1. Would you list which aspartates and glutamates come within 12 Å of K279, measuring only between C-alpha atoms, while excluding same-chain residues fewer than 8 positions from it?
2. Tilt of helix 216-228 relative to the longest C-alpha principal axis of the chain, in degrees (0 to 90, nearest 10)?
3. Run the numbers on the range 30-258 and let me know its relative contact order in percent, using alpha-carbon pairs under 8 Å that are six or more apart.
4. Using modelled amide H (1.01 Å from N, peptide plane; none on Pro or chain starts), what sits under 5 Å from the amide H of E45, excluding residues fewer than 5 places away?
5. Go ahead and estimate [θ] at 222 nm for the chain from helices alone: -39,500 (n - 2.57) per DSSP H run with n ≥ 4, summed, over the residue count, rounded to 500.
6. When only DSSP loop residues count, what trypsin sites (Lys or Arg not before Pro) in the range 363-433 have their Cβ near at most 16 other Cβ atoms within 10 Å?
7. How many angstrom lie between the Cα centre of the range 159-194 and the Cα centre of the range 368-446?
8. Taking GluC sites (Glu not before Pro) as candidate sites, keep only those in a DSSP loop with at most 16 other Cβ atoms within 10 Å, then name the longest stretch of the chain containing none of them.
Amino acid sequence: MTESSVHPALWPAPHASGAVDATVTVPGSKSVTNRALVLASLASEPGWLRRPLRSRDTLLMAGALRAMGVRIEETISSSSTVAGEPGGSGEAWRVIPAGLHGPVTVDVGNAGTVMRFLPPVATLADGPVHFDGDPRSYERPLTGVIEGLRALGARIEDDGRGALPLTVHGGGALDGGPVAIDASSSSQFVSALLLSGPRFNQGVEVRHTGSVLPSMPHIRMTVDMLRAVGAQVDEPETGGEPNVWRVSPSALLGRDLTIEPDLSNAQPFLAAALVTGGKVTIPDWPERTTQPGDALREIFTAMGGSCELTERGLTFTGTGRIHGIDVDLGEVGELTPGIAAVAALADSPSTLSGVAHLRLHETDRLAALTKEINELGGDVTETADGLHIRPRPLHGGVFHTYDDHRMATAGAIIGLAVKGVEIENVGTTAKTLPDFPDMWTGMLGV
């Protein structure tokens with residue numbers, strides 16, 4: 001059997017012939033887009049989302065909300081002359097809330113935000129909402145959301161799995177109130193309950209009872225976005241009780257929101273500057289943001305580059321040398337695959353810690369990174385909560401992605417420095433970055 005018949009969708013990762021010098025415009029944030037869709041759908045008036053990300057995950061979210069009765073109208077405008085549109089240009093989504101209803105079936109794909117954020121929304125629907133998705137979605141944890149909603153008065157059928165598929169029997173309203181959950185496997189459990197909390201009769205008080213809570217920036221993002229649409233939120237970081245978040249019942253306002261670029265999706269392009277000793281500019285990088293990807297400025301600088309944030313955006317410059325790093329990525333776990341790829345090309349070992357929860361992501365990312373880098377000649381070992389990476393000369397080969405978008409971009413980073421790397425199913429990047437192959441080759445001037 002030939003290699004091509006075993007791997008019918010191999011993408012030759014471009015090898016960099018020299019230092020990269022490019023400006024790369026990164027589409028909108030998936031995390032912000034999907035939170036904004038939920039909040040706009042629960043608002044008491046229509047709103048606008050400008051420059052939203054159009055990817056598999058966000059289209060699944062929009063499709064699910066439409067199925068439950070929300071109107072989401074897509075427009076592309078070049079000026080403020082579009083009827084009813086308050087100015088701006090580019091793609092925009094007009095979200096018009098409506099009474100939520102069933103019976104409907106929702107496809108979550110393998111999107112954590114869709115499978116976790118929408119069951120609380122479905123409790124507000126009039127009728128049953130059935131959730132299903134990709135085979136991998138059945139393995140991803142949902143217990144915190146399911147048990148939390150049951151404690152708040154929801155009726156959910158999951159045959160005792162604590163996972164998909166499941167059916168939420170919406171009653172048009174939910175009592176809400178205090179609930180204790182273990183969100184140590186995903187911060188999305190907390191965000192899921194908070195996002196719909198203003199629409200619950202008593203609001204919601206979410207108490208995390210488990211061990212260390214991962215990805216705190218994503219909870220901060222949820223809190224900031226709730227406040228931006230008029231919700232009252234008490235949280236630990238503003239003097240509240242540790243590990244407790246309270247959202248008061250209230251109407252939510254329709255807003256005109258411009259979505260920030262997805263800073264985590266900027267990672268492979270910044271890594272290209274580091275790996276090739278080149279320079280990459282990402283326009284519209286925000287001065288203040290709750291996105292985890294903003295940590296790349298500090299992390300990649302420590303690994304051998306430098307960055308400058310101006311009105312134009314973020315410009316990152318590599319020096320041609322990559323240093324190992326010892327870093328706790330607990331708050332920014334989604335950055336781990338790209339950092340591991342860069343670390344495999346460094347001049348000294350790296351230890352990435354605080355990311356045991358990555359074993360429950362789109363794939364077991366720790367096992368996948370270990371296997372794929374080692375099969376290219378690397379020396380990676382799993383630890384209890386991360387990876388230890390000892391750089392070695394790498395060689396070409398097939399880099400499997402396990403239907404995980406960040407595995408695909410990690411392989412592309414390695415391919416910049418290692419000839420003959422072939423990425424299996426690079427199309428999986430459509431989950432959050434649909435045009436990645438063209439953006440990558442465009443950056444390289446191929």
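Since every read-out is calculated from the coordinates, none of them should be taken as a lab result. What you see is a predicted model; the values in this text were computed from it and never measured. FYI the Cβ positions are ideal-geometry reconstructions off the backbone, even for glycines, and counts take in every protein chain you see.
1. D21, E308
2. 40 degrees
3. The normalised contact order for the range 30-258 reaches 20 percent.
4. Amide H to amide H, under 5 Å and 5 or more residues apart or across chains, E45 pairs with G254.
5. My calculation for the chain gives -8500 deg cm²/dmol from helical runs alone.
6. Filter output for the range 363-433: K419.
7. For the range 159-194 versus the range 368-446, the Cα centre distance is 34 Å.
8. 1-286
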